[in-house]
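For reference, the structure discussed in these notes is given below.
The values are calculated or read from the model by the stated rules, or taken from the named source; none is laboratory data. Here the structure is a predicted model, which means the values were calculated and not measured. In this analysis, Cβ positions are derived from the backbone assuming ideal geometry, glycine residues included, and neighbour counts consider all displayed protein chains.
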Amino acid sequence: MRSLLEVTFSAGSNPAPALFLLQANPLSTPFVPIILMVVIFYLVLFLPMRRRQKKTDEMLRNLQNGDRVVTNGGVIGTIVSLGEKDNTVSLIVRPDNVKIHFSRGAVTALLSQNEEKK
């Protein structure tokens, strides 16, 4: 393939070959790498975050009395009541059987499910 200088300074001054070589290659434009970075950014960050959020939402919807859970503050307890209107969860914390009320969103993990479900 001839270089741009060879085409420009060759015999005869036909500008058509030089213009053909100066046209932008679609892969050399700065938009393609930016679009690729956005797609990779979406696949690496947003897609796993959305999947994790769906799993958490499903876990919070399926909470029942007797489930052992962990809150975002690190409190481990057993659910004794679920408030449907105000989205609260009441936990019994062992060994003193202390009853604590939390927002349903404060529950971060399900340790074990109620024995009746098994």
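Conditions (1) within 30 Å of SER90 (Cβ to Cβ); (2) outside the structural domain of ARG104 (by TED's automatic domain parsing), marked per residue:
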{"residue": "PRO33", "(1), (2)": "no, yes"}
{"residue": "LEU36", "(1), (2)": "no, yes"}
{"residue": "PHE41", "(1), (2)": "no, yes"}
{"residue": "LEU45", "(1), (2)": "no, yes"}
{"residue": "PRO48", "(1), (2)": "no, yes"}
{"residue": "ARG52", "(1), (2)": "yes, yes"}
{"residue": "VAL69", "(1), (2)": "yes, no"}
{"residue": "GLY73", "(1), (2)": "yes, no"}
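For region 12-118, which fully contained helices (runs of 4 or more DSSP H) count at least 2 residues that are at pLDDT 90 or above and touching a strand residue (DSSP E or B) at 6+ places or on another chain (Cβ under 8 Å)?
It comes to 47-61.
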